[in-house]
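One structure is given below, encoded as structure tokens.
Values in this text are rule-based calculations from the coordinates and carry no lab data. Here the structure is a predicted model, which is why all the values come from computation and not from measurement. Here Cβ is always computed from backbone atoms with ideal geometry, including for glycine, and neighbour counts include all displayed protein chains.
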Amino acid sequence: MSDQSAPDPNAAPQAPAPAPAAPLSPEQDIQWASFAHLGGILGFLPSLIIWLVFKDRGAFTNVEAKEALNFQITATIAYVAIALLNTILTAITFGIWGFIGWILPLALWAVVIVFSIQGFLKAKEGQHYRYPFAIRLIK
């Protein structure tokens, strides 16, 4: 007996593997890289989606979307830390901290918007932008 079995005539035909997506044009590469920075205003998801979809299609988009994503992850960690700090300080001060604790997340939100717009403007000019502070988890 042979170990090879005959193909099943009732089996569905295998679909061919999809062709890789076409590389981005230089204009598209700059456009998506700048959108990755600007998307930071909405959180980390736009940067993540742009990086996952276009990282293999444009070198500039790969670098800039990773940078934007790392900054957004850092900001998300900071938001969680501020929420924990505000909760603890509000409990310790019997609620008094609650009257001023809202300033910290508001300040972080303003910083995220300013740096995201700066990144957008630099990337739109075709220049790399490096955030002043970011935990670079994605290399």
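Could you put I103, I30 in order, starting from the residue whose Cβ has the fewest other Cβ atoms within 10 Å?
Values: I103 11, I30 20.
So the residues, fewest neighbours to most, are I103, I30.
Taking 35 Å as R0, compute the FRET efficiency from the Cβ-Cβ separation of I88 and L121 and round it to 0.05.
Details: r = 38 Å, r/R0 = 1.08.
Approximately 0.40, to the nearest 0.05.
With +1 on the Cβ of every Lys and Arg and -1 on the Cβ of every Asp and Glu, and nothing else charged, how large is the dipole of the range 26-124 about its Cα centre, in debye rounded to the nearest 20?
Working: 5 positive and 5 negative charges, 14 e Å.
Here the size comes out at about 60 debye.
Please give me the summed charge of the neighbours of L137: other residues whose Cβ is under 12 Å from its Cβ, Lys and Arg +1, Asp and Glu -1. Working shown, then result.
Values: positive: K66, R136, K139; negative: E67.
Spelling it out: positives minus negatives among the neighbours equals +2.
Quick one: in the chain, what % of C-alpha pairs are over 25 Å apart?
Values: 4417 of 9591 pairs.
Result for the distance tail: 46 percent.
Once phi is turned into θ = phi - 60°, what whole-Hz ³J(HN,Hα) does the Karplus curve with 6.51, -1.76 and 1.60 give for every residue of the range 117-125, x standing for Gly and Pro?
Karplus values, whole Hz, x for Gly and Pro: 5, 4, x, 4, 5, 5, 5, 4, 7.
Name the residue farthest towards the positive end of the dipole of the chain from the options I49, N86, A21, assuming +1 on Cβ of Lys and Arg, -1 on Cβ of Asp and Glu, about the Cα centre.
N86
How much length, in nm to one decimal, is gained on full extension between V53 and I96, taken as 0.36 nm per residue of separation minus their Cα-Cα distance?
Details: separation 43, 0.36 × 43 = 15.48 nm, distance 4.62 nm.
Result: 10.9 nm gained on full extension.
Over the chain, what relative contact order in percent results from Cα pairs under 8 Å that are six or more residues apart? Could you put the intermediate results ahead of the total?
On the way: 149 pairs, mean separation 41.9, N = 139.
Averaging sequence separation for qualifying contacts and normalising by length gives 30 percent for the chain.
Go ahead and collect, in residue order, the members of the range 86-120 whose backbone nitrogen is under 18 Å from a label point 7 Å along the Cα-Cβ direction of F133.
Counting only backbone N, you get 86, 102-119.
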